[in-house]
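Accompanying notes for the structure given below.
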Amino acid sequence: MDYFITNELPTAEEFVQLRVDTGLSFRSIEVSSLALLKSVYFVGLRAKEDNKLIAMGRLVGDGIIFIVSDVAVLPELQGNGLGKVIMEKIQAYIETNLDKTACVTLLADVPADKLYKQFGFRESAPASIGMIYQMISKNR
């Protein structure tokens with residue numbers, strides 16, 4: 001698949017659709033519209049053929065704490081290195097633009113944790129453990 005890399009935010013509809021298509025939890029269009037505008041950095045891969053968003057990832061944060069979020073690749077394209085392309089761009093942004101004292105975290109689904117480990121992310125346990133609070137379940 002021929003694709004191009006973009007840092008232009010997708011529409012909220014594209015964002016939600018890719019999340020759903022990749023098995024990530026549903027987010028409303030309204031909430032997604034606002035959340036996307038608060039992205040510190042966004043990277044997307046679009047198909048050259050039809051401009052369809054086929055993969056994405058973003059960085060959100062406040063200057064001290066950052067979260068790698070919404071890393072997603074269409075299932076039929078997984079295993080072709082597209083997740084690695086997304087993470088290479090995010091890591092380059094982190095290393096070039098963030099203060100060296102910044103803390104960058106992520107919540108990794110298994111087996112995607114193997115991808116993140118390639119970029120220096122490591123499990124924080126036993127010193128600390130990741131925790132999550134969700135008001136609704138993953139599958140709405």
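Laid out as a table, the results:
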read-out	value
Flag if residue 21 is surrounded by fewer than 12 Cβ atoms within 10 Å (Cβ to Cβ) and of a type in the set (Asp, Glu)	no
Qualifying residue in the range 117-127 (condition: closer than 29 Å to residue 52 by Cα, open to solvent by 80 Å² or more (accessible area, probe 1.4 Å) and among the basic types (Lys, Arg))	yes
Selected residue (criterion: surrounded by the most Cβ atoms within 10 Å (Cβ to Cβ)) from residues of the range 68-94 that are part of a helix (DSSP H, G or I) and among the small types (Gly, Ala, Ser)	83
Qualifying position, being touching a helix residue (DSSP H, G or I) at 6+ places or on another chain (Cβ under 8 Å) and closer than 18 Å to residue 90 by Cα, among 66, 26	66
Residues within the range 95-129 that are assigned to a helix (DSSP H, G or I) and farther than 17 Å from residue 61 by Cα, tallied	5
Near pairs, Cβ below 6 angstrom, 6+ apart or cross-chain, from the range 73-94 (within 15 Å of residue 42 (Cα to Cα)) to any residue that is open to solvent by less than 30 Å² (accessible area, probe 1.4 Å) and in a helix (DSSP H, G or I)	73/82; 73/83
Conditions (1) under 23 Å from residue 44 (Cβ atoms); (2) over 17 Å from the mean Cα position of the chain (by Cα); (3) aromatic (Phe, Trp, Tyr): number failed by residue 133	(1)
Residue list for the range 4-18, filter: open to solvent by less than 40 Å² (accessible area, probe 1.4 Å) and in contact (Cβ under 8 Å) with a residue 24 or more places away in the chain	6, 10, 12, 15, 18
Hits in the range 28-53 - residues which are within 14 Å of the chain's Cα centre (by Cα) and open to solvent by 90 Å² or more (accessible area, probe 1.4 Å)	38
Residue within the range 41-51 that is closer than 20 Å to residue 6 by Cβ and either part of a helix (DSSP H, G or I) or among the acidic types (Asp, Glu) (or both) present	yes
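The values are calculated or read from the model by the stated rules, or taken from the named source; none is laboratory data. What you see is a predicted model; the values in this text were computed from it and never measured. In this analysis, Cβ positions are derived from the backbone assuming ideal geometry, glycine residues included, and neighbour counts consider all displayed protein chains. Surface areas here come from the heavy atoms of the whole protein model, side chains and all, with no ligands, DNA or RNA. Shrake-Rupley method; radii C 1.70, N 1.55, O 1.52, S 1.80 Å.
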